[in-house]
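J.: Quick one: structure below, then a few questions.
The values are calculated or read from the model by the stated rules, or taken from the named source; none is laboratory data. Predicted model only: the values in this text are computed from it and were never measured. Reconstructed Cβ throughout: ideal geometry from the backbone, glycine too, with neighbour counts over all protein chains shown. What goes into the accessible areas is simple: the full protein's heavy atoms, side chains included, and nothing from ligands, DNA or RNA. Shrake-Rupley method; radii C 1.70, N 1.55, O 1.52, S 1.80 Å.
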Amino acid sequence: MDVLENYTGHVDPEGPAARRTLDALTITKISVGPMDNNAYLLVCRSTNEALLIDAANDYERLSDLFGHIPNRPRLRTIVTTHQHADHWQALGALAGAHGANTVAHELDAPVLPVPPDLLVDHGDTINVGEVPLSIIHLRGHTPGSIAVVYDDPTGHPHLFTGDSLFPGGVGKTTSADNFASLINDVEDRIFAVLPDDTWFYPGHGDDSTLGKERPALAEWRARGW
């Protein structure tokens, strides 16, 4: 597996992964599967323990992220951001191969192919090694959609949004009520809480920052998608 070290937030389908190195952890992004799903591998630099956000597809490519050397990262946890099938095609295989604990929100858990070992809700904290990560429940794309945030004490926050927030708008919803719920949660639980330099990592496509997207919030609400 080729891994680029000059992280830009863009990866190509079937192309190299891209790694961002922070003081406490590394973040590696890869595109997998026919729907260009992003998966994110977080590795604690102190313990070498790893957490994967969305085992979306392509077990072989995801497995290659760990390498084959003796001191490769140890996958301890897999977080599924929501119930849609394109985000969990490799979940069972990876969890079984590595003995990893699986994490999801209880409202989306019944649809997943592997019953979660840990159910999380808004405000909960999970760890990757020694690094704490916070859970944000974002209702609307699915009932149990979650985001994961790492508030880097030596830098800016890093937010993994699944399909609830993208550059240019919130995720797809199936009714006006679901859209209202999602845009409200995105505004109240993300934009009202996190600073503009927060870098966010969506479930598909390129990354962005909250500051870049914030001026368009009123436009998103007015257009209804």
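J.: Once a ≥ b ≥ c are taken as the square roots of the eigenvalues of the Cα gyration tensor of segment 94-225, is the result rounded (a/c under 1.5), prolate (a/b larger than b/c) or oblate (a/b not larger than b/c)?
T.: The shape class here is oblate.
J.: Helix 176-185 against the longest principal axis of the chain: what's the angle in degrees, Cα atoms only, rounded to the nearest 10?
T.: The answer is roughly 70 degrees.
J.: Around Ser134, under 14 Å between beta carbons, what's the net of Lys plus Arg minus Asp minus Glu among the other residues?
T.: Once positives and negatives cancel, what remains is -3.
J.: Mind ranking 5-18, 161-174, 68-81, 212-225 by how tightly packed they are, going by the mean number of other C-beta atoms within 10 angstrom, highest first? Spell out each step's value before the answer.
T.: On the way: 5-18: 14.4, 161-174: 20.9, 68-81: 18.3, 212-225: 12.9.
For the peptides 5-18, 161-174, 68-81, 212-225, the packing ranking is 161-174, 68-81, 5-18, 212-225.
J.: State in Å² the accessible area per residue of segment 13-145; use a 1.4 Å probe, count heavy atoms of protein chains only, and round to the nearest integer.
T.: On the way: 5380 Å² over 133 residues.
Counting only protein heavy atoms, the per-residue value for segment 13-145 is 40 Å².
J.: Calculated from the structure, mean projected area of the Cα convex hull in nm² equals which of [x] 11.9; [y] 11.2; [z] 12.6?
T.: From the options [x] 11.9; [y] 11.2; [z] 12.6, the structure gives [y].
J.: At 0.36 nm per residue, minus the direct Cα-Cα distance, what do Glu14 and Ala97 gain on full extension? Give it in nm, one decimal, please. Write down the numbers at each step before the final one.
T.: Numbers: separation 83, 0.36 × 83 = 29.88 nm, distance 2.24 nm.
Additional length available on full extension: 27.6 nm.
J.: Using a Gaussian network model of the chain with C-alpha springs under 10 Å, which one of Thr198, Thr102, Thr47 is most mobile by mean-square fluctuation?
T.: Highest fluctuation of the listed residues: Thr47.
J.: When Lys and Arg each count +1 and Asp and Glu each count -1, what net charge do the other residues less than 14 Å away from Pro202, Cβ to Cβ, add up to?
T.: In short, -4.
J.: Counting Lys +1, Arg +1, Asp -1, Glu -1, what net charge surrounds His10 among other residues with beta carbon under 10 Å of its beta carbon? Numbers along the way, then the final one.
T.: Numbers: positive: Lys29; negative: Asp12, Asp206, Asp207.
Residues near His10 contribute -2 overall.
J.: With the Cα gyration tensor of segment 173-225 giving a ≥ b ≥ c as the square roots of its eigenvalues, does the rule (a/c under 1.5 for rounded; else a/b larger than b/c for prolate; else oblate) give rounded, prolate or oblate?
T.: Because a/c hits 1.5 or more and a/b exceeds b/c, segment 173-225 counts as prolate.
J.: Within 10 Å, count the other beta carbons around each residue, average over each peptide in 109-115, 131-137, and list them highest first.
T.: Details: 109-115: 15.3, 131-137: 18.9.
In descending order of packing, they fall as 131-137, 109-115.
J.: If contacts are Cα pairs under 8 angstrom and at least 6 residues apart, what is the relative contact order of the chain in percent?
T.: Dividing the mean separation by the residue count of the chain yields 14 percent.
J.: Ok, one more. When a/c is below 1.5 the answer is rounded, else prolate if a/b is larger than b/c, else oblate, so apply that to segment 120-176 with a ≥ b ≥ c taken from the square roots of the Cα gyration tensor eigenvalues.
T.: Oblate.
J.: In addition: Suppose we look only past 24 Å in the calculated P(r) of segment 50-161. What percent of the Cα-Cα pairs does that tail hold? Could the numbers behind the result be given before it?
T.: Details: 1405 of 6216 pairs.
Every Cα pair in segment 50-161 considered, those over 24 Å come to 23 percent.
J.: Gap in Å between the Cα centre of segment 1-49 and the Cα centre of segment 165-225?
T.: Here the two parts' Cα centres lie 23 Å apart.
J.: Counting only protein heavy atoms, what percent of the accessible surface of segment 78-225 is carbon or sulfur at a 1.4 Å probe?
T.: Roughly 52 percent, rounded to a whole number.
J.: Using a Gaussian network model on the chain with a 10 Å cutoff between Cα atoms, which of Gly211, Gly155, Gly92 fluctuates the most?
T.: Looking only at Gly211, Gly155, Gly92, the biggest GNM fluctuation is shown by Gly155.
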